[in-house]
Amino acid sequence: MNIRPFSCVLVANRGEIALRVIEAAQGLGLTAVAVYSEADVDMPFVRAADLSVCIGPAPAADSYLDIDAILSAAVRTGAEAIHPGYGFLSENAAFARAVIEAGLVWIGPPPNAIEAMGDKARAKQLMIEAKVPVLPGWQGDDQSAENLQEQAEAIGFPLLIKAVAGGGGRGMRIVESADAFDEALASARREAKSAFGDEAVLLEKFIERGRHVEIQIFADSQGRTIHLGERDCSAQRRRQKVIEEAPSPAVKEALRDAMGRDAVRAAEAVNYVGAGTVEFLLDDSGGYYFLEMNTRLQVEHPVTEEVTGEPLIAMQLDIAAGHPLALAQDQIDLRGHAIEARLYAEDPENGFAPQSGPVVHFDPSAQSYRDRVDHGVESGDAIGADYDPMVAKFIAWDETRAGAIEKLRASLIAHPLLGVKTNRDFLLRLLADPAFATGEMRTSDLDRWAEAESGPFAAAPICERALSLAALLLSCTPDAVVRSASVSRFTLELEVDGQAVSLPIAQTGPDAIEVEYEGRTISAEFLAAEDASVTWRHEGVARTDFAAQIADRALHLAIDDRMSLVAERSPWSDAAADDPSLIRAPVTGAVVKLNVAIGASVKAGEVLAVMEAMKMEMRLPAVSDGVVKAVHVSEGAQAPGGFVLIELDLQSQD
């Protein structure tokens, strides 16, 4: 037995997973080292670490993906082991080898296992040889467009194009027909090349009404492998997981045992060591098929911890030190139900575009209703545009699935993030949707609902209570504009979640108003405020809600399961409509495709450029016919949100 104890661990990651690993290591009495980019100097994971080292500027390529800088930080701090978290270099075999060659302990699987499972085509062939069920499809060396088209037609539609070197849903495209294949292939290859440096793809039969069910495995260096049950990750948007749970509503004990045995067989086929996840697609008949193996800790690992009671990071550290597994398969007991929701800084009403800015209020440590919040930001921090927009994970456990859903909803409501738009309300609507509540969610449902703008994508009406609270705070609190004592009636011109609203106000006292809205008179009285918590009376009922000032005369409110942005508009001027002659970057990101040059004629609706930001591709069309007057960006360049990419001379409408 090769035992290699260590006392100092460097965490080669950022955000909530870095904080999670740091706290787990410290809980075992280990010294925890954080590495950070210049953009993350004041983030919670840096503050929590025992030692910290800046490894470069904000771009990940110059910091979190810089192997030499990370190894140098390990030497400077005396770190004896490196934990990669997930994302960044966590599944990079070259990084794993560099860590090992530097004489450090790699807290992850052997580099050969990473390579075997990182190549999707090779992994699929290994699974066929190990007699693990796989989807019908094609993988091979001939990556010509002609061959791929021919293979696709042989497999039949719909099918899935998948990046060979991919993961996390990147480089994946669903193709419904032969006519759509060429464009989908080009898009998948472009994203795969950008994300993984390899544009090779494989093809698989697409099961539209499938479930994504994955098995958590652990293997020690003595050759023993176990599984810790399954997680259901079927609630996905654009192949990205949104909500995960354990156990799966669709998996009974016999199926769990069968999938678990195949997951163990998959790990043993590559001599696996450490934590890993074998992902399967489950159909309605109970058949399941190998999708891929993630050779790292998963974002959704907390739900497995909650239902098994086992600390997965501590298990990783123990195995990396050379110790055998402390558990046998028959000692794994699943208890109750756990659900996790990913909180993203993104705007669901604007195509889930990533958001950035200061966090005015977010207190994940508050205890009311809380089961568990793994977080990467707190009040006073800033969310930048350089990294993935996930900022926290909310995890709830209960004896029953229905109880876990209710606890998760309560936790999301009790811990609003104010100052930056998030997907919180979308998550709450999804948790309340009958398809999710009854455990019938499939991987295709969210994308189908998005197209129909139904379910959690349905537009919500203005929240009357939010409107009333905003009117009260803009009229009566110390920060409100002082109104003449002789004027007890006035009109507030507001913009509420993008809609213009005129509110007649009667000031009935120094801290009280009446609001006229849709034929009703609504009373509101300010009582007290502490931080972002506001106590007030609404129609005579005392309530406590959340409000934060995000700009002059602008508020971000959280009222039960609704968040609202409210700003006072100047009554004498409205914002001018956006200039259709200017094609602007909707968010900060990379220009991955530039389709025009100066002097080119364009038609309304023609895609002029394609941008990529945080796992999203955005097509930027011309609004009107015209001629390209100027191009201010080159293909492959980064552009900040709002930057003018292309200028057009618009064709006269006369």
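Can you tell me the order of 172-184, 43-55, 421-433 when each peptide is scored by its average per-residue count of other Cβ atoms within 10 angstrom, highest first?
Details: 172-184: 15.8, 43-55: 19.5, 421-433: 21.6.
In descending order of packing, they fall as 421-433, 43-55, 172-184.
Please compute the modelled spin-label separation between residue 254 and residue 499, points set 7 Å along Cα→Cβ, answer in nm with one decimal.
Taking the two extended label points, one gets 5.2 nm.
Using the basic label-point model (7 angstrom from Cα toward the beta carbon), what is the residue 38 to residue 517 distance in nanometres?
Distance between the two pseudo-spin positions: 4.5 nm.
May I ask you to give the solvent-accessible area per residue for the chain, in square angstrom, as obtained with a 1.4 angstrom probe?
Numbers: 26640 Å² over 654 residues.
That works out to 41 Å² per residue.
Pick out, from 106, 607, 295, the residue whose Cα sits farthest towards the positive end of the charge dipole of the chain, with +1 on the Cβ of Lys and Arg and -1 on the Cβ of Asp and Glu.
Of the options given, the answer is 106.
May I ask you to list the GluC sites (Glu not before Pro) in region 335-439 that are in a DSSP loop and have at most 12 other Cβ atoms within 10 Å of their Cβ? Before the final figure, lay out the partial values.
Details: sites: 340, 346, 349, 378, 399, 406; in loops: 378, 399.
Those satisfying the criteria are 399.
Take the Cβ-Cβ distance between residue 447 and residue 129 as r, set R0 to 22 Å, and report the resulting FRET efficiency rounded to the nearest 0.05. Don't jump to the answer; show the numbers that get you there.
On the way: r = 33 Å, r/R0 = 1.52.
The pair residue 447/residue 129 has a calculated efficiency of 0.05.
Stretch residue 76-residue 205 to full length: gain in nm at 0.36 nm per residue minus the Cα-Cα span? Mind showing how you got there, number by number?
On the way: separation 129, 0.36 × 129 = 46.44 nm, distance 4.98 nm.
Difference between extended and current length: 41.5 nm.
Quick check: pseudo-label points 7 Å beyond the Cα along Cα→Cβ at residue 569 and residue 2, how many nm apart are they?
Computed distance between label sites residue 569 and residue 2 equals 6.9 nm.
Could you give the length gained on full extension between residue 581 and residue 624, defined as 0.36 nm per residue of separation minus the Cα-Cα distance, in nm? If you can, show how the numbers build up before the last one.
On the way: separation 43, 0.36 × 43 = 15.48 nm, distance 0.80 nm.
That pair, residue 581 and residue 624, stretches by 14.7 nm at full extension.
Once a ≥ b ≥ c are taken as the square roots of the eigenvalues of the Cα gyration tensor of region 1-84, is the result rounded (a/c under 1.5), prolate (a/b larger than b/c) or oblate (a/b not larger than b/c)? Each step should come with its number before you reach the end.
Working: a/c = 2.12, a/b = 1.41, b/c = 1.50.
Oblate is the answer for region 1-84, as a/c is 1.5 or above yet b/c matches or exceeds a/b.
From the convex hull of the Cα coordinates of region 289-342, what is the mean projected area in square nanometres? Kindly include the intermediate steps, with their values, before the conclusion.
Numbers: hull surface 20.5 nm².
Mean projected area for region 289-342: 5.1 nm², to one decimal.
Could you give me the ³J(HN,Hα) list for region 296-308, computed from phi with Karplus coefficients 6.51, -1.76, 1.60 and θ = phi - 60°, whole Hz, x at Gly and Pro?
6, 6, 9, 3, 8, 4, x, 5, 5, 4, 5, 8, 9
If I take R0 = 41 Å and measure r between the Cβ atoms of residue 506 and residue 638 in this structure, what FRET efficiency does the formula 1/(1 + (r/R0)^6) give, to the nearest 0.05? Write down the numbers at each step before the final one.
Numbers: r = 51 Å, r/R0 = 1.25.
With R0 = 41 Å, the Cβ-Cβ based efficiency is 0.20.
Normalised by the number of residues in the chain, what is the relative contact order in percent for Cα pairs under 8 Å and 6+ residues apart?
Values: 1440 pairs, mean separation 59.2, N = 654.
Computed value for the chain: 9 percent relative contact order.
Using the charge dipole of region 178-235 (Lys, Arg: +1 at Cβ; Asp, Glu: -1 at Cβ; taken about the Cα centre), state which of 228, 201, 212 has its Cα farthest towards the positive end.
After comparing all options, I get 228.
Given +1 on the Cβ of Lys and Arg, -1 on the Cβ of Asp and Glu, and no further charges, what dipole in debye does region 116-194 carry about its Cα centre, rounded to the nearest 20? Provide the component values of the computation, followed by the final result.
On the way: 10 positive and 12 negative charges, 112 e Å.
Using only the charged Cβ atoms, the result is roughly 540 debye.
Treat every Asp and Glu Cβ in the chain as -1 and every Lys and Arg Cβ as +1, leave all other atoms uncharged, and give the resulting dipole magnitude about the Cα centre to the nearest 20 debye.
760
Would you tally the net charge around residue 429, using a Cβ to Cβ cut-off of less than 11 Å, leaving residue 429 out, and scoring K and R as +1, D and E as -1?
On the way: positive: 409, 424, 562; negative: 425, 433, 561.
After counting each charged neighbour, the total is 0.
Could you give each residue of region 411-420 its phi-based ³J(HN,Hα) in whole Hz, using Karplus coefficients 6.51, -1.76, 1.60 with θ = phi - 60°, and x for Gly or Pro?
5, 4, 5, 6, 10, x, 9, 10, x, 9
At what distance in angstrom do the alpha carbon centres of region 183-257 and region 50-108 lie from each other?
If you average the Cα positions of each part, the centres end up 26 Å apart.
For an R0 of 45 angstrom, estimate the FRET efficiency from the Cβ-Cβ distance between residue 224 and residue 400 and round to the nearest 0.05.
Details: r = 33 Å, r/R0 = 0.74.
For residue 224 and residue 400, the calculated efficiency is 0.85.
In degrees from 0 to 90, rounded to the nearest 10, what is the angle of the helix 464-476 Cα long axis to the longest principal axis of the chain?
The angle comes out at about 60 degrees.
Quick query: amide H of residue 625 versus all other amide H atoms, modeled in the peptide plane; which residues come in under 5 Å with a sequence gap of 5 or more or a different chain?
Sorted by chain and number, the residues that satisfy this are 604, 651.
Got a number for the accessible area of residue 463? Probe 1.4 Å, square angstrom, nearest 10.
20
If amide hydrogens are placed 1.01 Å from N in the peptide plane, which non-local residues have theirs closer than 5 Å to the one on residue 248?
HN-HN under 5 Å from residue 248: 230, 232.
Over region 63-207, what lengths in whole Å, largest first, do the semi-axes of the equivalent ellipsoid take, defined as the square roots of 5 times the eigenvalues of the alpha-carbon gyration tensor? Please report the intermediate quantities before stating the final value.
Numbers: eigenvalues 248, 54, 23 Å².
Each semi-axis is the square root of five times an eigenvalue, giving 35, 16, 11 Å.
How big is D for region 324-422, in µm² s⁻¹ as a whole number, if Stokes-Einstein is applied with the Kirkwood radius of its Cα pairs at 10 °C and 1.306 mPa s?
Working: Rh = 15.0 Å.
Diffusion coefficient, whole number: 106 µm²/s.
Under the 0.36 nm per residue contour assumption, what length would be gained going from the current alpha-carbon distance of residue 598 and residue 58 to full extension? Let's see the in-between values first.
Details: separation 540, 0.36 × 540 = 194.40 nm, distance 3.23 nm.
So the chain would gain 191.2 nm between residue 598 and residue 58.
Taking every pair of alpha-carbon atoms in region 1-140, give the share separated by more than 28 Å as a whole percent. Don't jump to the answer; show the numbers that get you there.
Working: 2510 of 9730 pairs.
The proportion of pairs with Cα distances above 28 Å equals 26 percent.
Rounded to the nearest percent, how much of the accessible area of region 192-318 (1.4 Å probe, protein heavy atoms only) is carbon and sulfur?
Numbers: 1670 of 3750 Å².
That share works out to 45 percent.
To test your reading of the geometry: what angle, between 0 and 90 degrees and rounded to tens, separates the Cα axis of helix 120-129 from the longest principal axis of the chain?
Its long axis makes an angle of about 40 degrees.
Give me the base-10 log of I(q)/I(0) for the chain at each q in 0.05, 0.06, 0.11, 0.12 Å⁻¹, Debye formula, one uniform scatterer per Cα, rounded to two decimals.
Treating every Cα as an identical point scatterer, log10 I(q)/I(0) equals -0.25, -0.37, -1.20, -1.38.
Hey, what angle do you get for helix 253-268 against the long axis of the chain, alpha-carbon based, 0 to 90 degrees rounded to 10?
60
With +1 on each Lys and Arg Cβ and -1 on each Asp and Glu Cβ, how big is the dipole of region 1-139 about its Cα centre, in debye rounded to the nearest 20?
On the way: 10 positive and 15 negative charges, 102 e Å.
With only Lys, Arg, Asp and Glu charged at Cβ, the dipole is about 480 debye.
Projected onto the charge dipole of the chain (+1 at Lys/Arg Cβ, -1 at Asp/Glu Cβ, origin at the Cα centre), which of 395, 159, 626 gives the Cα projection farthest towards the positive end?
395
The values are calculated or read from the model by the stated rules, or taken from the named source; none is laboratory data. These numbers come from a predicted model, not from an experiment. Every residue, glycine among them, receives a Cβ derived from its backbone with ideal geometry; neighbour counts consider all protein chains shown. Just the protein is used for accessible areas: all its heavy atoms, side chains included, with ligands, DNA and RNA removed. Shrake-Rupley method; radii C 1.70, N 1.55, O 1.52, S 1.80 Å.
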